[in-house]
Ligand code: FEO
C-alpha cells in the first residue's frame, strides 16, 4: 500500500473513534434528560462507529500493515438543546464523509483496488448515516417547541422508525 494512503487510513481512525465517543456522550446526555429513545439510538450509533474503526483495522491487518491507535479527546457533556445536539452529529458525519472521500481519491489515484473496494462500503454507509440524521432533524423541526412533539420523536427513535437509522449496509 502507498505510504500516504496507509498513514491517512490510520489518521481516519481518529474520526471513527471520536464519532463513537461523541455518540456515547450524547447517549448519556439524552438518558439524563429523560429521552430514552434518543439515548438508545445514540448508543447504537456509537457501537456502529466502533465497528467502522474495526473494519479499517482489519483491512490493514489483513494486509500485514501497522495500525496506530489514536488518543481521543473528551467530547462535550451537554448541549444547549436537542436540535443543537443532533446538528453536532450532522457536522461530525459530514467530517467523516469528507475524510472517506479523500481516502477513496487516494486509493483510486494509487491504483489500490483492495482499499478502494473496502472504502466503497464506507461511501454507502455515509449516505445512509447522513440521511438518517437529516430525517431526524426534519422530525425535530416538525416537533418545534412542543414537548409532546419531542416525546413522539423519542418514541419513534425507540422503535427505530427514523429512516435508515438502525441499518448498516450489507457487507
Ligand atoms: Fe463511521 Fe458515522 O461514520
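Computed from the coordinates by the stated procedures, all read-outs in this text should not be read as laboratory data. Being a predicted model, the structure only gives us computed values, none of them experimental. Glycine also receives a Cβ, built like all others from the backbone with ideal geometry; neighbour counts cover every protein chain displayed.
A few remarks follow.
- Exposure proxy order (Cβ contacts within 10 Å, fewest to most) of 146, 116: 146, 116
- GNM remark for the chain: springs join alpha carbons under 10 Å apart, and the peak mean-square fluctuation among 19, 71, 143 falls on 71.
- Cα long-axis angle, helix 36-62 against the chain (0 to 90 degrees, to the nearest 10): 0
- Comparing Cα centroids, region 62-107 and region 1-44 end up 7 angstrom apart.
- Theoretical ellipticity at 222 nm over the chain - DSSP helices of four or more residues, -39500 (n - 2.57) apiece, nearest 500: -27000 deg cm²/dmol
- Counting only the Cα atoms, region 85-130 fills a convex hull of 45 Å³ per residue.
- For the chain, the longest principal axis of the alpha carbon atoms and the long axis of helix 3-32 meet at an angle near 20°.
- Compared with the dominant Cα axis of the chain, that is its longest principal axis, helix 147-159 is turned about 40°.
- Among 96, 67, 86: highest mean-square fluctuation, GNM of the chain, C-alpha pairs under 10 Å: 67
- Listed from fewest to most Cβ neighbours within 10 Å, the set 119, 69, 137 follows the order 69, 137, 119.
- Of 22, 12, 59, the residue with the greatest mean-square motion in the GNM of the chain, using alpha carbon springs below 10 Å, is 59.
- Cα-projected label distance for residue 117 with residue 67, points at 7 Å along beta-carbon direction, nm: 2.0
- At 1.306 mPa s and 10 °C, Stokes diffusion of region 5-127 via Kirkwood alpha-carbon radius, µm² per second: 105
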